[in-house]
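A short reminder: the numbers here are calculations on the coordinates, not readings from a lab. These numbers come from a predicted model, not from an experiment. We place every Cβ from the backbone using ideal geometry, glycine too, and count neighbours over all the protein chains shown.
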Ligand SMILES: [Cu+2]
């Protein structure tokens, strides 16, 4: 009975593990990658797993065979024949690991150099400058004259060359569903590249403990068609006034704009051609899926964020600004018109 129970419990555990793993495979992840580099990294993992499994199976099979065949039989007290220095065996167990390690080493070294290539001078690659901040991400496209933050947009099937650096402490740039991560270091520029193969939105993370809100330092990677990318680029290059003027005919955004100029523009840029080095650039803010990388971009959440950023991201460098409920409303209406 006890044994049966134990058996059932193990079955339950396996069922739970299977559900968990099945849950993982739906989303893009290192085990279900959607970029060439992630796929190649997964292939390397599979290759090493296959080799390991073969070694384990063969070694266990031989061990079991030897244990059974050469076990001490009842009443047999004789000392077995002592063999050592079998030339043939020693050559076999030296040569086989050399072959296995070579099979592992050749593609591993090959891909390591391939993935470490610097594509920043490649005219076909889209260049994205990534600056990590406590606790947000700046994404600029120097060749396109675009400054943005929090959500990186990439055309599918193109090489994207990331130029990585940090404005404060060490962070690490990681889009698990697309491919391996790389540290961003203050005062140092490093490079990595990804070639996204499937349209979709992927989670991005900071993978280096960087302060109290490190775990909330999320961003999104949007992989879109070439046409959508071109439309986004054109939109981001347009000064917000043009769209605001249109929106202002429908509703009164003047109060919100004045509040923004008074309290916020010292940190947040909204003009397409100006870098915003201390706070996320807000051009195109209304198109972002999230506020501060973590809250769904709804009116409610924008207000909640402005009212007390530190309550949402402890240690954030955005200060709390004293605003009345009405002013909060006006500011939020204005922000949600930044297309
Ligand atoms: Cu970080």
Computed over the chain, the relative contact order (Cα-Cα under 8 Å, seq sep at least six) in percent reads 16
Evaluated at 10 °C and 1.306 mPa s, the Stokes-Einstein D of the stretch 273-339 based on the Kirkwood radius over Cα pairs, in µm²/s, stands at 127
Ordered by fewest other Cβ atoms within 10 Å, a rough proxy for footprinting exposure, 193, 222 read 222, 193
Per GNM of the chain with C-alpha springs under 10 angstrom, the most fluctuating residue out of 228, 251, 138 is 251
Simple SL model, points at 7 angstrom along Cα→Cβ for residue 251 and residue 267; separation in nm is 2.4
Per the helix-only model, the chain has a calculated mean residue ellipticity at 222 nm (DSSP H runs of ≥4, -39500 (n - 2.57) each, divided over all residues, rounded to the nearest 500) of -14000 deg cm²/dmol
Log10 I(q)/I(0) at q = 0.12, 0.24 Å⁻¹ for the stretch 110-165, from Debye over equal alpha-carbon scatterers, is -0.30, -1.01
Among 34, 127, 74, the residue with the largest mean-square fluctuation in a Gaussian network model of the chain built from Cα contacts under 10 Å is 74
Row for the stretch 236-298, column shape: gyration tensor on C-alpha, a ≥ b ≥ c, rounded if a/c < 1.5 i.e. under 1.5, prolate if a/b over b/c, else oblate; value rounded
Plugging the Cβ-Cβ distance of residue 298 and residue 230 into 1/(1 + (r/R0)^6) at R0 = 35 Å yields, to the nearest 0.05, a FRET efficiency of 0.80
Note on the chain: alpha-carbon gyration tensor, axes a ≥ b ≥ c; rule is a/c under 1.5 for rounded, else prolate if a/b larger than b/c, else oblate; result prolate
Percent antiparallel among DSSP beta bridges confined to the chain, rounded to 5, stands at 70
Full extension between residue 325 and residue 66 adds, at 0.36 nm per residue less the Cα distance, a length in nm of 85.2 nm
Quick calc: nm separation of the 7 Å Cα→Cβ label points for residue 109 and residue 308 -> 5.9
When the chain is treated as a Gaussian network with springs between alpha carbons less than 10 Å apart, the largest mean-square fluctuation among 236, 318, 192 is found at 318
FRET efficiency (residue 120, residue 275; Cβ distance; R0 22 Å; to 0.05) is 0.75
Taking alpha-carbon centroids only, the stretch 262-289 lies from the stretch 160-211 a number of Å equal to 21
